[in-house]
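Accompanying notes for the structure given below.
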Amino acid sequence: MQWYATWFDSPFYHLLYDHRSEEEARGFIRNLLDHLQVPKGSAVLDLACGSGRHSRQMAQMGMRVTGVDLSPASITQAKEMSCGGDQYFIHDMRQPFTFGTFDYILNLFTSFGYFEKEAEHQNVLRHIQHALNPKGIFVMDFLSAPYVEAGLVKAETVHKAGIDFHIQRKIERGFIYKEIRFKSKGQDYFFIERVRAYTKEELGKMFQLAGLELLESFGDYQLQPYQEALSPRLILTATH
């Protein structure tokens, strides 16, 4: 199985990243919806929704939200925490979307660039384009590769719930790698995260090939303008 199919479905993934707060998600979603002037009742797809952190915020703000993710464990957790205006399905984003069309499609928190082949990533963007209603908006929240490279911490140990997560990072052949080693209850574990280090220009070309027109770019969750070497995030909006 590919790394994302095992690691994202592991309880250790949620433990390592438990610092991702509802407050951070609420602030970003509020900024984003205000900027885009999203009407209440809009149909929104949260593509690679994880446990529904952003989906719940949008539902609480009056959106009709569908969240999809490859991880059964994440979808189970999202359903358990549903606030009523959100629904969730297990889905591989490389497959055509069969759950309707949307006014807004969001792909947040670096949930792109995981796959082996460039054609797989391009197909995801085509599925997004096909699922957008006329004048619909697509939002991608991706890492800023130049920022990651400039501040790369090659090795660190993170302590969580009695577990020492030993993490090593590297950039190789256009990918950002994170190797995670730890021991729990006497058993050794090893996981890898691997994300394609796409630049703004590369993503812009991929959008164009998929029939998407790039509109705006932001560099953080406060939606400040994107600056290649200084911005921690690369947030793009696009339409048909």
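Just for region 21-51: of the residues that are touching a strand residue (DSSP E or B) at 6+ places or on another chain (Cβ under 7 Å) and farther than 20 Å from Gln95 by Cβ, which one is surrounded by the most Cβ atoms within 10 Å (Cβ to Cβ)? If we take residues in region 21-51 being touching a strand residue (DSSP E or B) at 6+ places or on another chain (Cβ under 7 Å) and farther than 20 Å from Gln95 by Cβ, then Leu32 is surrounded by the most Cβ atoms within 10 Å (Cβ to Cβ). With respect to Gly62, is the statement that it is small (Gly, Ala, Ser), surrounded by fewer than 22 Cβ atoms within 10 Å (Cβ to Cβ) and in contact with a helix residue (DSSP H, G or I) (Cβ under 9 Å, 6 or more places away or on another chain) true? For Gly62, the condition - small (Gly, Ala, Ser), surrounded by fewer than 22 Cβ atoms within 10 Å (Cβ to Cβ) and in contact with a helix residue (DSSP H, G or I) (Cβ under 9 Å, 6 or more places away or on another chain) - is not met. Scanning region 94-139 for residues that are part of a strand (DSSP E or B), in contact with a helix residue (DSSP H, G or I) (Cβ under 9 Å, 6 or more places away or on another chain) and over 16 Å from Thr66 (Cα atoms) yields a total of 0. Using the structure shown, decide if Phe115 is in contact with a His (Cβ under 9 Å, 6 or more places away or on another chain), farther than 16 Å from Ala210 by Cα and not hydroxyl-bearing (Ser, Thr, Tyr). Here the answer is yes, as Phe115 does meet what is asked. Out of everything in region 161-171 that is in contact with a helix residue (DSSP H, G or I) (Cβ under 7 Å, 6 or more places away or on another chain) and either within 23 Å of Ser231 (Cα to Cα) or among the small types (Gly, Ala, Ser) (or both), what residue ends up being surrounded by the most Cβ atoms within 10 Å (Cβ to Cβ)? Top of the filtered list is Ile171.
Only one entry of Val148, Val195, Val158 meets the criterion of being in a strand (DSSP E or B), among the hydrophobic types (A, V, I, L, M, F, W, C), closer than 30 Å to Gln224 by Cβ and under 21 Å from the mean Cα position of the chain (by Cα), and that entry is Val195. Name the single residue, out of those in region 177-192 being free of Cβ contacts under 8 Å to residues at least 40 places away in the same chain and part of a strand (DSSP E or B), that is farthest from Asn107 (Cα to Cα). Of everything passing the filter in region 177-192, Gln187 is farthest from Asn107 (Cα to Cα). Within the set Gly174, Gly136, Gly151, the sole residue that is loosely packed, with under 15 Cβ neighbours inside 10 Å, of a type in the set (Gly, Ala, Ser), in contact (Cβ under 8 Å) with a residue 12 or more places away in the chain and more than 18 Å from Leu15 (Cα to Cα) turns out to be Gly174.
All conditions but one from (1) in contact with a Leu (Cβ under 6 Å, 6 or more places away or on another chain); (2) of a type in the set (Ser, Thr, Tyr); (3) assigned to a loop (DSSP other than H, G, I, E, B) apply to Thr66; the one that does not is (3). Checking each residue in region 224-240 for being surrounded by fewer than 18 Cβ atoms within 10 Å (Cβ to Cβ) and either among the hydrophobic types (A, V, I, L, M, F, W, C) or at pLDDT 95 or above (or both) picks out Gln224, Pro225, Gln227, Ala229, Leu230, Pro232, Thr239. Selection over region 95-120 of residues that are surrounded by 15 or more Cβ atoms within 10 Å (Cβ to Cβ) and over 17 Å from Ala59 (Cα atoms) gives a count of 8. Applying the condition of being of a type in the set (A, V, I, L, M) and not in a loop (DSSP other than H, G, I, E, B) to region 198-222 and asking which residue is farthest from Met140 (Cα to Cα) yields Leu209.
The values are calculated or read from the model by the stated rules, or taken from the named source; none is laboratory data. Just so you know, these numbers come straight off a predicted model, no measurement behind them. Cβ atoms come from the backbone with ideal geometry, glycine included; neighbour counts cover every protein chain shown.
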